[in-house]
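Accompanying notes for the structure given below.
The values are calculated or read from the model by the stated rules, or taken from the named source; none is laboratory data. The model shown is predicted, which means the values in this text are computed figures rather than measured ones. Cβ placement follows ideal geometry from the backbone for every residue including glycine, while neighbour counts extend to all protein chains displayed. Note: areas computed on protein heavy atoms with side chains; ligands, DNA, RNA excluded. Shrake-Rupley method; radii C 1.70, N 1.55, O 1.52, S 1.80 Å.
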Amino acid sequence: MAFLRSAVRRMVSAVRSPPAPICRTSTRSYSSEPTREKGVPYEKTLKQQDQASTGPSKPLPRSADVVVIGGGSLGCQTIYHLAKMGVTNVVLLERDRLTAGTTWHTAGLLWQLRPSDVEVELLAHTRNVISKDLEEETGLHTGWIQNGGLFIASNKQRLDEYKRLMSLGKVYGIESHVLSPAETKDLYPLMNVDDLYGTLYVPKDGTMDPAGTCTTLTRAASARGATVIENCRVTGIQVRTDDLGVKRVKAVETPHGTIETPCVVNCAGVWATKLGEMAGVKVPLVAMHHAYVVTERIEGIKNMPNVRDHDASVYLRLQGDALSVGGYEHNPIFWDEVSDKFAFSLFDLDWDVFMQHIDGAINRVPVLEQTGIKSTVCGPESFTADHKPLMGEAPEVRGFFLGCGFNSAGMMLGGGCGRELAHWIIHGRPEKDMYGYDIRRFHNSLTDNQRWIRERSHESYAKNYSLVFPFDEPLASRNMRKDPFHQVSGAVKNYDFYGAYENKKNVNYKYSELLSKEYTFDFPPHHDVIKNECLSCRHGVAVFDMSYFGKFYLTGPDAKKAADWLFTADVNKKPGSTVYTCMLNKRGGTESDLTVSRLEPGAANLPLAPESNGDAYYLAIGGAVAEHNWNHIRTVLQDQGFRCNLTDHSEDMGMISIQGPKSRELLQEVLDTDLSNEAFPFSTHKVVNAAGHKVRAMRLSFVGELGWELHIPRDSCLPVYHALMAAGAKHGIINSGYRAIDSLSIEKGYRHWHADLRPDDTPLEAGLGFTCKLKSSIPFQGRDRLEKQKEEGLRRRIVCFTIDEKIPMFGLEAIFRNGVPVGHLRRADYGFFIDKTIGYGYVRNPDGGVVSADFIKSGDFTLERMGVTYKAKAHLKTPFDPENKRVKGIYA
C-alpha cells in the first residue's frame, strides 16, 4: 500500500491538467490503488441493500399538521422535537432512505465552543440529545463517542481567539484548557508540536454517527406518533391565496398521493432550492463538493481527540484506529447541475483541489506520511452567503419553513436548530435569538441574486477556518445595493475569488488593505480615526450617512389599531410627534426597536408623505434588520387581520444625521425653519426646505447629542449634503462612520438590536421599560408577558460595566460576581469621552432568584477577557450624561 503523500503526488502528476473554471460541474476520475475505494468510514449506513422496492415505506395520510421534507440530520431532529413538543400528526417524507442526501457521508464532528453565545447553546442541546436524551428514551446507542477536541494555534492571535472561546465557555460550564506545546505532546504523542504556540483542549467534544443518530431520532419520534415515510419523493407544493391575498401552504404532492397540510418544512439540503421553487420560495444556497480521505490503520492513534488546525485549514477526525482528513480549500468545486437521483452517492475526488490539505495534515501528524489512504469521501454539501443556516418561515409563503443550508454543520447544529425550528412552527417564533440564521436577515433583492449568492458563499467557505475578528467584512459582492451618497464614498473592486478559478488577484486594493489592519484583538490602527470622529461629535458637529435605514409607511383603515398592537409605546400622539418604541413577539421578546412618526393626513407627496385620509405613520428602522422588521410587521398584520397598507420607501430616500453641540447653529443656515427648543422640540418632525429641497427633519439622536436627522428624496440627497458640508466647514464638520456610532451609542447607553437587545430579551430586562405603555389600558403584543415579569421580578437584567485598564473588549467576555460567572458581555466598545472601555451584558442570579438593584450594587464584579480577569465597575445608569441634558441642547 502506497503512503499518503507519495501516493497522492504520483496520482496528481500522472493526470495533471490546467486549473478548472468556476463553473465546473464534474470532476476527473483517478484510478490508483490507494484510492480506488470511495466510501464513508462508518460500519453502518442506511443505504438500501434491496433496490427492488420503489414504493413508499408506509401509506401516506390524507392530511398532517406538519410535513417535514428531507430525512437528513435536520429533518430527523425537527420531527423528533415536534413530536416531543406534542405535535404528533407530523409526517417526514424522504425521497430515498434516511440520510441518503448529504448526512450519510458527513464527518459528524461536534465542537462545543464557538464565537457566539447562541451557537454554544445550540451545540450544547445537540450534545445532550445525542449523548443522553435519546439513549434514555429509546435504550438505543446513537454512536456518540466522547473523545475530546483539540484546537491548534500556530500564532498568538489564534491562541487569543481560543482564549476568548475559553472565557465564554466558563459562563456555560464548558470545560476547556489552554495547553502548552509540551502539554499538547503529552496528550497527543503523535503530534508535531515544534511550530505550535499553544492549543485549546475541550475534553467533552466528540463524534456523532449519522446513521445511528437519525435512526434513533426517528424511532423516538415514531414512538410519540410521528410518521416517517421513506422512498417517497415530493413533486409539488400546493399554495393557496386567502381572503386577504396572503399566500399559504395548502398541500404536498407526491407520485403516491397528496397530503393536505398548512405547514411544510424544507430540510432538503442541497436540493432545498428546487423544493423552494415548487412553492415560489427563494432559497439562497449553493452546492459544493466537500471532501475528506480516510487513512489506513495508525498505530497509537486510538482514543486521541479530534483536531482542528485552523491555520492549516485542516481537521483530523478520529476514526477508530485511523483518521479522516479534510478541510476547507480556497477553490471548492461548485455542483451546478444538482441531480435528483444522487442518493448515497459520492463524487470522484479531485486531487488538484484536495492536495492543499495533505501537507498541513502531515505536518501536524508526521506519521501520516507513512500511512496509506483507505478510501476517499467527496460528497455534496450546501453552503450559504454567510456560512450560517437558513431557517424560519419564508417571506413569500406562510407556512413554508426552512431548515437547510447548514454548511456541513448539520449534524452538530441539528439538535439545537431542530428544537428551535419546532418551537418556531408551533409558537410562531423560536425561543432563542435565531436572527443570525433567520432567512429574513437577507434583503429580498439579494436572495435570488446568483452572483451575490455564489460570490459570498465562496468567500465564506474559503474563510471558514480564518480567525474571527470583531470587525471583519466580506470582500465578495460589494456594491449590490448603493445609497444615494455612494458616489461620494470610495469604490471597491469586483471580487477576485482570492485568485481561484484562474481569476487574477486584486492588487493595490485600498479597501482590502484598510480591512486587513482591522485583523487584531488589540486596538486597531483606525482607533484614533474613530476617536477623532467621536470627539468631533461630542464637542462640535459630525454628519453620519444612515441611508441604509428602512423607511416604511403604515396607513389604511386599521392603521391606528395596528400601531397600538404593534408598538410598545403610545405612538398616537399628535401629528408631528416621533416616538422611540419597541415591537415584541408573543413571549414579550424584543423583535425590534425603531422610531415611529405620526403624520398629518393628506394627499400623497412621495416619498416624503403617503396618501392618507386618516391615521398614518412613518417607521424608521435600522437598515441591517429592515427586512426582518418588514416581515415581522407584515406577519402581525396578517395574523390580526388588520386592514392596512405597509409600503417600503427605503430605496427612495437617503438619510443623514447631523449631531453635536454645533448642529443647531449649522442647520439653521441650511433649513428654512426655526430650530429652537420651543419651535422644534426633541422627538418631533416636520417637512422643511433644505437648500431649496423638501426634506423631512426629525430632532432625534442615536449618539446622545443635540441633533437632527434629514430624510431626503433620493435625487435631492447630494445637493443637500453638499450644502451642509459647505455651511459646516467653519464649524469643523466631519464625516463620521458606523464605528463611531457604535462607540457613541454604547457610551450613551443606547441599545443596538441583535447585540444588547434581542428577541430573547424583554424591554424590562433591557432597561427599556419606559418604552412600554403599561400605565395605559391599551393592549399590545407581548403585554401579558411583561406584566407577569414585572409582577414576579426580573431574573436577569442588563448592566453597564466600565474598566480602568486601557484594553479593548468586543463582547463575549465573561462576567463574574463575587467570583461566580453570572453572564457575558453582549456588546463592548471604547467610550472616548469618558475614556474607558464600556461593556453591556445581562446578569443573572446564580441561585435563580430576582436580580434587584441591590444585587448589582452589592456585588464585586470582574470581567474575563482571553483568560485574564479585570476589575469592573457596574452601573445601573449610563455614566455618560445620565440626565439626558445634551439631547435637549443643554451643555454646561
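Condition first: in contact (Cβ under 8 Å) with a residue 12 or more places away in the chain and out of contact with any helix residue (DSSP H, G or I) (no Cβ under 9 Å at 6 or more places or on another chain). Can you find one or more residues in the stretch 97-110 that meet it?
As a first pass, look at the stretch 97-110 and keep what is in contact (Cβ under 8 Å) with a residue 12 or more places away in the chain: 97-110.
So of that shortlist, the ones also out of contact with any helix residue (DSSP H, G or I) (no Cβ under 9 Å at 6 or more places or on another chain) come out as 100.
Yes; the residues of the stretch 97-110 include at least one that is in contact (Cβ under 8 Å) with a residue 12 or more places away in the chain and out of contact with any helix residue (DSSP H, G or I) (no Cβ under 9 Å at 6 or more places or on another chain).
Given the residues Val579, Val571, which is the only one that is touching a helix residue (DSSP H, G or I) at 6+ places or on another chain (Cβ under 6 Å), more than 16 Å from Asp648 (Cβ to Cβ) and either open to solvent by 10 Å² or more (accessible area, probe 1.4 Å) or of a type in the set (Val, Ile, Thr) (or both)?
Numbers: Val579 fails: touching a helix residue (DSSP H, G or I) at 6+ places or on another chain (Cβ under 6 Å).
After applying the criteria, what remains is Val571.
Specify which of the listed residues (Ser547, Ser512, Ser536, Ser460) is modelled with pLDDT under 95 and either hydroxyl-bearing (Ser, Thr, Tyr) or assigned to a loop (DSSP other than H, G, I, E, B) (or both).
On the way: Ser547 fails: modelled with pLDDT under 95; Ser536 fails: modelled with pLDDT under 95; Ser460 fails: modelled with pLDDT under 95.
Criteria check complete, one pass: Ser512.
What number of residues in the stretch 463-503 are in a helix (DSSP H, G or I), more than 30 Å from His649 (Cα to Cα) and out of contact with any helix residue (DSSP H, G or I) (no Cβ under 8 Å at 6 or more places or on another chain)? First the steps, then the outcome.
So in the stretch 463-503, the residues in a helix (DSSP H, G or I) come out as 486-488, 497-499.
Now restrict to residues that are more than 30 Å from His649 (Cα to Cα): 497-499.
With out of contact with any helix residue (DSSP H, G or I) (no Cβ under 8 Å at 6 or more places or on another chain) added as a condition, the list becomes 499.
The qualifying residues number 1.
Within the stretch 835-892, how many residues turn out to be on the phi > 0 side of the Ramachandran plot and not in a loop (DSSP other than H, G, I, E, B)? Show your work before the answer.
Here is the first cut: in the stretch 835-892, the ones on the phi > 0 side of the Ramachandran plot are 835, 848, 866-867, 881, 884, 889.
Imposing the further condition that a residue be not in a loop (DSSP other than H, G, I, E, B) reduces the set to none.
Qualifying residue count, the stretch 835-892: 0.
Out of Ser536, Ser516, report the one residue that is of a type in the set (Ser, Thr, Tyr) and touching a strand residue (DSSP E or B) at 6+ places or on another chain (Cβ under 8 Å).
Values: Ser516 fails: touching a strand residue (DSSP E or B) at 6+ places or on another chain (Cβ under 8 Å).
So the residue among Ser536, Ser516 that is of a type in the set (Ser, Thr, Tyr) and touching a strand residue (DSSP E or B) at 6+ places or on another chain (Cβ under 8 Å) is Ser536.
Scan the stretch 850-886 for residues that are surrounded by fewer than 18 Cβ atoms within 10 Å (Cβ to Cβ), among the basic types (Lys, Arg) and over 16 Å from Ile803 (Cβ atoms) and jot them down.
If the condition is that a residue be surrounded by fewer than 18 Cβ atoms within 10 Å (Cβ to Cβ), among the basic types (Lys, Arg) and over 16 Å from Ile803 (Cβ atoms), then Lys857, Lys877, Lys885 are the ones that fit.
So, in the stretch 119-145, exactly how many residues are more than 24 Å from the chain's Cα centre (by Cα), of a type in the set (Ser, Thr, Tyr) and assigned to a helix (DSSP H, G or I)?
Number of matching residues: 2.
Search the stretch 26-68 for residues being under 26 Å from Gly403 (Cβ atoms), in a loop (DSSP other than H, G, I, E, B) and among the polar types (S, T, N, Q), and hand back the single one that is modelled with the lowest pLDDT. Break it down into steps so the answer makes sense when it comes.
From the stretch 26-68, those under 26 Å from Gly403 (Cβ atoms) are 40, 42, 44-48, 56-68; that's our starting set.
This time we only want the ones that are in a loop (DSSP other than H, G, I, E, B), so: 40, 42, 44-48, 56-62, 64-65.
Then drop every residue that is not among the polar types (S, T, N, Q), which leaves 45, 48, 57.
On the way: Thr45: 72, Gln48: 55, Ser57: 96.
Once the filter is applied, the top-ranked residue is Gln48.
Might you let me know whether the stretch 704-711 holds any residue that is surrounded by fewer than 21 Cβ atoms within 10 Å (Cβ to Cβ) and not in a strand (DSSP E or B)? First the steps, then the outcome.
Taking the stretch 704-711 and keeping what is surrounded by fewer than 21 Cβ atoms within 10 Å (Cβ to Cβ), we get none.
No, because not a single residue in the stretch 704-711 is surrounded by fewer than 21 Cβ atoms within 10 Å (Cβ to Cβ) and not in a strand (DSSP E or B).
What is the residue count in the stretch 510-564 for residues that are crowded, with 16+ Cβ neighbours inside 10 Å, of a type in the set (Lys, Arg) and under 28 Å from Leu718 (Cβ atoms)?
Qualifying residue count for the region: 2.
Among the residues of the stretch 489-501, which ones are of a type outside the set (Gly, Ala, Ser) and out of contact with any Leu (no Cβ under 7 Å at 6 or more places or on another chain)? Working first, answer last.
Pass one, the stretch 489-501, residues of a type outside the set (Gly, Ala, Ser): 492-498, 501.
Those that are of a type outside the set (Gly, Ala, Ser) and out of contact with any Leu (no Cβ under 7 Å at 6 or more places or on another chain): Val492, Lys493, Asn494, Asp496, Phe497, Tyr498, Tyr501.
Is it the case that Gly75 is open to solvent by less than 10 Å² (accessible area, probe 1.4 Å), under 19 Å from Gly236 (Cα atoms), assigned to a loop (DSSP other than H, G, I, E, B) and at pLDDT 95 or above? Walk me through it before giving the result.
Working: open to solvent by less than 10 Å² (accessible area, probe 1.4 Å): yes; under 19 Å from Gly236 (Cα atoms): yes; assigned to a loop (DSSP other than H, G, I, E, B): no; at pLDDT 95 or above: yes.
No, not satisfied.
Go through the residues of the stretch 628-651 one by one and say whether even a single one is surrounded by 23 or more Cβ atoms within 10 Å (Cβ to Cβ) and among the charged types (D, E, K, R).
So far as the stretch 628-651 goes, no, none of its residues is surrounded by 23 or more Cβ atoms within 10 Å (Cβ to Cβ) and among the charged types (D, E, K, R).
Quick one: in the stretch 612-627, which of the residues that are hydrophobic (A, V, I, L, M, F, W, C) and buried (at least 19 other Cβ atoms within 10 Å of the Cβ) is nearest to Pro575 (Cα to Cα)? Show your work before the answer.
Step one: of the stretch 612-627, the residues hydrophobic (A, V, I, L, M, F, W, C) are 616, 619-621, 624-626.
Adding the requirement that they be buried (at least 19 other Cβ atoms within 10 Å of the Cβ) leaves 616, 619-621, 625-626.
Values: Ala616: 9, Leu619: 14, Ala620: 16, Ile621: 19, Val625: 26, Ala626: 24 Å.
Only one residue fits best here, namely Ala616.
Can you name every residue in the stretch 652-687 that is open to solvent by less than 10 Å² (accessible area, probe 1.4 Å) and either on the phi > 0 side of the Ramachandran plot or among the charged types (D, E, K, R) (or both)?
Within the stretch 652-687, Gly660 is the sole residue that qualifies.
Please find, among Gln356, Gln370, Gln319, the residue that is in contact with a strand residue (DSSP E or B) (Cβ under 9 Å, 6 or more places away or on another chain), open to solvent by 30 Å² or more (accessible area, probe 1.4 Å), of a type in the set (S, T, N, Q) and farther than 22 Å from Lys204 by Cα. Give the steps one after another, and end with the answer.
Details: Gln370 fails: in contact with a strand residue (DSSP E or B) (Cβ under 9 Å, 6 or more places away or on another chain); Gln319 fails: farther than 22 Å from Lys204 by Cα.
Matching residue, one of Gln356, Gln370, Gln319: Gln356.
Starting from the stretch 773-792, take each residue that is of a type in the set (Val, Ile, Thr) and list its partners that are not in a helix (DSSP H, G or I), counting only C-beta distances under 7 angstrom and pairs at least six apart or across chains.
Here the result reads Ile778/Asp570, each pair linking the stretch 773-792 to a residue that is not in a helix (DSSP H, G or I).
Give just the number: which of (1) over 16 Å from Leu467 (Cβ atoms); (2) under 27 Å from the mean Cα position of the chain (by Cα); (3) open to solvent by less than 30 Å² (accessible area, probe 1.4 Å) does Lys204 not satisfy?
Condition (3) is where Lys204 drops out.
Check Glu431, Glu393 and return the single one that is more than 28 Å from Lys504 (Cα to Cα) and in contact with a Leu (Cβ under 9 Å, 6 or more places away or on another chain).
Working: Glu431 fails: in contact with a Leu (Cβ under 9 Å, 6 or more places away or on another chain).
It is Glu393.
Taking Val246 as meeting all but one of (1) buried (at least 17 other Cβ atoms within 10 Å of the Cβ); (2) within 30 Å of the chain's Cα centre (by Cα), write down the number of the exception.
That leaves (1) as the condition not met.
Given the options Ala697, Ala690, Ala727, name the one that is more than 26 Å from Val571 (Cα to Cα), open to solvent by less than 10 Å² (accessible area, probe 1.4 Å), aliphatic (A, V, I, L, M) and more than 30 Å from the chain's Cα centre (by Cα). Before the answer, list the steps.
Working: Ala697 fails: more than 26 Å from Val571 (Cα to Cα); Ala727 fails: open to solvent by less than 10 Å² (accessible area, probe 1.4 Å).
From the options Ala697, Ala690, Ala727, the qualifying one is Ala690.
Using beta carbons and a limit of 7 Å, which pairs, at least six apart or on different chains, have the first residue in the stretch 730-742 and surrounded by fewer than 18 Cβ atoms within 10 Å (Cβ to Cβ) and the second one charged (D, E, K, R) and at pLDDT 95 or above?
Once the first residue is surrounded by fewer than 18 Cβ atoms within 10 Å (Cβ to Cβ) and sits in the stretch 730-742, its partners that are charged (D, E, K, R) and at pLDDT 95 or above give His731/Lys662; His731/Glu665; Ile734/Glu533; Gly737/Glu533.
Can we say Glu183 is outside the structural domain of Ala220 (by the TED database), modelled with pLDDT of 95 or more and more than 30 Å from Asp522 (Cα to Cα)?
Working: outside the structural domain of Ala220 (by the TED database): yes; modelled with pLDDT of 95 or more: yes; more than 30 Å from Asp522 (Cα to Cα): no.
No, not satisfied.
Here are some residues: Arg419, Arg478, Arg429. Which one is basic (Lys, Arg), in contact (Cβ under 8 Å) with a residue 40 or more places away in the chain and farther than 24 Å from Gly72 by Cβ? It would help to see each step written out before you state the result.
Details: Arg419 fails: farther than 24 Å from Gly72 by Cβ; Arg478 fails: in contact (Cβ under 8 Å) with a residue 40 or more places away in the chain.
Testing whether each residue is basic (Lys, Arg), in contact (Cβ under 8 Å) with a residue 40 or more places away in the chain and farther than 24 Å from Gly72 by Cβ leaves just Arg429.
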